[in-house]
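The values are calculated or read from the model by the stated rules, or taken from the named source; none is laboratory data. Quick caveat: nothing in here was measured; it's all calculated off a predicted structure. Because the Cβ atoms are built from the backbone with ideal geometry, glycine has one as well, and the counts that use them run over all protein chains shown. Surface areas here come from the heavy atoms of the whole protein model, side chains and all, with no ligands, DNA or RNA. Shrake-Rupley method; radii C 1.70, N 1.55, O 1.52, S 1.80 Å.
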Amino acid sequence: METSSTTQPGTAGGSDTAERKLVFEDNRCARGLFGEQNAHLKQIARSLELQIHTRGNTVNLCGNPIAVDLAAKLLNNLYGLIETGFPLFPSDIDYAIGVLSSDDRVNLKDIFLDTVYITSQKRPIAPKGLAQKEYIDAIRKFDIVFGIGPAGTGKTYLAMAMAVSALTKGRVSRIILTRPAVEAGESLGFLPGDLYEKVNPYLRPLYDALHDMMRYEKATRLIQQGAIEVAPLAFMRGRTLNDSFVILDEAQNTTSEQMKMFLTRLGYSSKAVITGDVTQIDLPNGKTSGLVEAHAILQDIKGIRFVLFSKKDVVRHQLVQDIIEAYERLELEH
């Protein structure tokens, strides 16, 4: 709850300095908001470059007027989340700052409390930003959704959570997870082992995401029963996929022919989510990426939705975003 606000001329650089006082009534929620030894407030102060002082349940903000306004909205939104029982972690604060910096009219409850699935470890999976919220809303509404953007934006993970949720609620009878099995010019014929051993390394990330959401024994049982299928893209040829939730991962490494083949497999009562990063194409020179081509020719078709992620939507370690930016600078230099 906000109680007062003042703005006064600053001495450095001629900029104004704003002050604002916030009072949070509930002691338990205030402690959760402030963090252990005010760790959350210190994190916000560093990120927004302002001063935050506390006395009891009162918070005093001082700094650039824009930063103070953003911090006040952030704290009030986070307090509202904590009131619902939401467990606040430092990463959530970073995500929240990103969301409100993009659009300060957003209510964080509409994003952070939109639970897609609850894992076997009782951990809720929910969007962490505007792009992720747009993505899961698109999957709910459209039968074919493309998620395009850099690594770490949650494209495959959220699609997997939506698929597992649909299966457990009986909305589909099976999940099919697939990705191209040839990358960086390698041919399966040159890899050791039988066919399963050849393709399994390419599919490992899909298994990892699946086992993160449900117990290993349950996932294994569903795979054995055919309710979950993890297979290379080549295995989709000639099939019609009815009553299924199909995810095509690493789609930037599909050829034009493979993408057309995959998209025309979709049958009745099915959904398809296609994910990829067009900056990480491993196809041989001269081969057109099926994902790039699909984005160019399908974006005007009703019933198909493209959701584009950027480096701002990365939800992994902060260093991942820094790494993406460093490589982008290198590409620009070249």
Query raised in the report: Got the relative contact order for the stretch 242-334 handy, in percent, Cα pairs under 8 Å and 6 or more residues apart?
Result: 28
Report summary line: Under 5 Å from the placed amide H of residue 117, counting only residues 5+ away or on other chains, we find 125
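I need to check one value: relative contact order of the chain, counting alpha carbon pairs closer than 8 Å and at least 6 residues apart, in percent.
16
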Requested in this report: Round to a whole angstrom and tell me the spacing of the C-alpha centers of the stretch 114-153 and the stretch 272-334.
Outcome: 17
Query raised in the report: Where the accessible area of the chain is counted over protein heavy atoms with a 1.4 Å probe, how much of it, in %, is carbon and sulfur?
Result: 51
Report task. Enumerate the residues in the stretch 36-50 having an amide nitrogen under 17 Å from the point lying 7 Å beyond the Cα of residue 19 toward its Cβ. Result -> 50
Report summary line: Counting only residues 5 or more apart in sequence or on a different chain, those whose built amide H sits under 5 Å from that of residue 274 are 145, 146, 147, 248
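Counting only protein chains, not ligands or nucleic acids, how are 302, 155 ordered by accessible area (probe 1.4 Å), most first?
Ranked from most to least accessible, the order is 302, 155.
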Report summary line: Out of 267, 35, 170, a Gaussian network model of the chain with alpha-carbon springs under 10 Å gives the largest mean-square fluctuation to 170
**Report entry** Simple Cβ-charge dipole of the chain, Lys/Arg +1 and Asp/Glu -1, about Cα centre, in debye nearest 20
**Finding:** 1100
Query raised in the report: At what distance in nm do the modelled label points of residue 102 and residue 227 sit from each other, each positioned 7 Å from its Cα along Cα→Cβ?
Result: 3.4
Report summary line: Taking a crude spin-label model, label points 7 Å out from Cα along the C-beta direction, the residue 235 to residue 220 distance in nm is 1.8
Query raised in the report: Using θ = phi - 60° and the Karplus form 6.51 cos²θ - 1.76 cosθ + 1.60, what ³J(HN,Hα) does each residue of the stretch 234-245 get, whole Hz, x for Gly and Pro?
Result: 4, 6, 7, 4, x, 9, 10, 9, 8, 6, 10, 10
**Report entry** For the stretch 208-315: lysine pairs under 27 Å (alpha-carbon distance), excluding those fewer than 8 apart on one chain
**Finding:** 7
Report task. Compute the length gained on full extension between residue 49 and residue 212: take 0.36 nm times their separation in residues and subtract their Cα-Cα distance, giving the result in nm to one decimal. Result -> 55.1 nm
Query raised in the report: Per-residue accessible area for residue 298 at 1.4 Å probe radius, Å² rounded to 10?
Result: 30
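Could you state the per residue volume, in Å³, of the convex hull enclosing the Cα atoms of the stretch 230-313?
On the way: hull volume 9.7 nm³, N = 84.
Measuring per residue, one finds 115 Å³ for the Cα hull of the stretch 230-313.
Work out how much length residue 332 to residue 269 would gain on full extension: take 0.36 nm times their residue separation and subtract the Cα-Cα distance, in nm to one decimal. If you can, show how the numbers build up before the last one.
Values: separation 63, 0.36 × 63 = 22.68 nm, distance 4.43 nm.
Contour length minus Cα-Cα distance gives 18.3 nm.
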Query - Virtual spin-label span in nm between residue 58 and residue 279, 7 Å along Cα→Cβ - result: 4.7
Requested in this report: Can you tell me how much longer the chain between residue 39 and residue 301 gets when fully stretched, taken as 0.36 nm per residue apart minus their C-alpha distance, in nm with one decimal?
Outcome: 89.5 nm
Query - Directionally averaged projected area (convex hull, Cα atoms, the chain), nm² - result: 21.3
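Let me check something: with ligands and nucleic acids excluded, how do 333, 250 order by accessible area (1.4 Å probe), largest to smallest?
Sorted descending by solvent-accessible area, the residues read 333, 250.
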Report summary line: Result: in the stretch 48-161 the number of Lys pairs with C-alpha under 15 Å apart, spaced 8 or more or on different chains, is 6
Query raised in the report: What's the FRET efficiency of residue 243 with residue 118 using the Cβ-Cβ distance as r and R₀ = 22 Å, to the nearest 0.05?
Result: 0.40
